[in-house]
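The values are calculated or read from the model by the stated rules, or taken from the named source; none is laboratory data. Since the model is a prediction, treat every value here as computed from it, not as a measurement. Methodologically, a virtual Cβ is constructed for each residue, glycine included, from the backbone with ideal geometry; neighbour enumeration extends over all protein chains shown. Note: accessible area is taken over every heavy atom of the protein model, side chains too, but ligands, DNA and RNA are not part of it. Shrake-Rupley method; radii C 1.70, N 1.55, O 1.52, S 1.80 Å.
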Amino acid sequence: MTLCTVLKNPNDQLRTKAKKVPVAQIKSPDTQQLIDDLIETMIVQNGVGIAATQIGSDKRVIIVDVHGIMPLVNPEIVSKSLSKIEFEEGCLSVPGVTGIVKRHRSIKLKAHDRNGKPLTIKAKGLLSIVLQHETDHLDGILFIDKVIRYTNPPRM
Ligand code: NI
């Protein structure tokens with residue numbers, strides 16, 4: 001495994017839209033290596049989630065670690081509650097900054113696991129928030145784009 005550098009905002013790569021991984025490529029050594037690198041990097045950085053975009057990969061892969069480490073390939077939010085919750089977020093790519101973000105209280109997400117098996121996840125609470133935050137990364141969106149109030153503002 002390789003410990004990767006997490007890209008820091010501002011960075012053009014953090015603003016790119018990642019590409020779907022063809023299902024046949026999920027078990028390829030490249031994708032498996034990417035998943036292992038993301039897991040190691042997330043653990044070392046004490047994150048509860050990480051997206052491939054943050055280490056400069058253009059693949060739609062995220063890891064979340066809320067109820068255990070869960071790698072997700074091609075995550076797609078297929079339904080979301082109208083009800084929203086406010087939660088304080090931070091991001092490995094925006095170090096030292098935290099703020100309140102309003103997100104959907106619960107979501108349904110489809111993805112593939114690291115073996116290529118399709119999954120459907122119904123998430124609420126912290127898992128729902130982390131999944132929305134990480135999926136946003138794959139579309140070039142950072143939590144600071146959605147923050148309604150900073151708790152630790154960026155230094156000017
Ligand atoms: Ni983040």
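What number of residues within segment 44-54 satisfy the criterion of being free of Cβ contacts under 8 Å to residues at least 60 places away in the same chain and surrounded by 15 or more Cβ atoms within 10 Å (Cβ to Cβ)?
So the answer is 1.
Per-residue answers, yes or no, for (1) within 12 Å of the ligand (Cβ to nearest atom); (2) part of a strand (DSSP E or B); (3) open to solvent by 50 Å² or more (accessible area, probe 1.4 Å); (4) out of contact with any Ser or Thr (no Cβ under 6 Å at 6 or more places or on another chain):
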position: S57; (1), (2), (3), (4): no, no, no, yes
position: I63; (1), (2), (3), (4): yes, yes, no, yes
position: N74; (1), (2), (3), (4): no, yes, no, yes
position: I107; (1), (2), (3), (4): no, yes, no, no
position: N115; (1), (2), (3), (4): no, no, yes, yes
position: L119; (1), (2), (3), (4): no, yes, no, yes
position: V130; (1), (2), (3), (4): yes, no, no, yes
position: D136; (1), (2), (3), (4): yes, no, no, yes
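Restricting attention to segment 138-156, and to residues there that are away from the ligand (no atom under 16 Å from the Cβ) and assigned to a strand (DSSP E or B), which single residue is surrounded by the fewest Cβ atoms within 10 Å (Cβ to Cβ)?
Selected residue: I148.
Pairs please, first residue from segment 88-99 and away from the ligand (no atom under 11 Å from the Cβ), second anywhere and assigned to a loop (DSSP other than H, G, I, E, B), Cβ atoms under 7 Å, 6+ apart in sequence or on different chains.
Short answer, once both residue conditions are applied: T98/G90.
I'm trying to understand the selection: among the residues of segment 78-87, which are surrounded by 14 or more Cβ atoms within 10 Å (Cβ to Cβ) and more than 16 Å from the ligand (Cβ to nearest atom)?
K80, S81, I85
Return the residue satisfying two criteria in turn: it lies in segment 1-41 and is modelled with pLDDT under 95 and open to solvent by less than 90 Å² (accessible area, probe 1.4 Å), and of such residues it is farthest from A51 (Cα to Cα).
If we take residues in segment 1-41 being modelled with pLDDT under 95 and open to solvent by less than 90 Å² (accessible area, probe 1.4 Å), then T2 is farthest from A51 (Cα to Cα).
Find all pairs meeting these conditions: Cβ atoms under 8 angstrom apart; at least six residues apart or on different chains; first residue within segment 143-156 and farther than 21 Å from G49 by Cβ; second residue outside any helix (DSSP H, G or I) and of a type in the set (V, I, T).
Here the result reads R149/I100; P153/V97, each pair linking segment 143-156 to a residue that is outside any helix (DSSP H, G or I) and of a type in the set (V, I, T).
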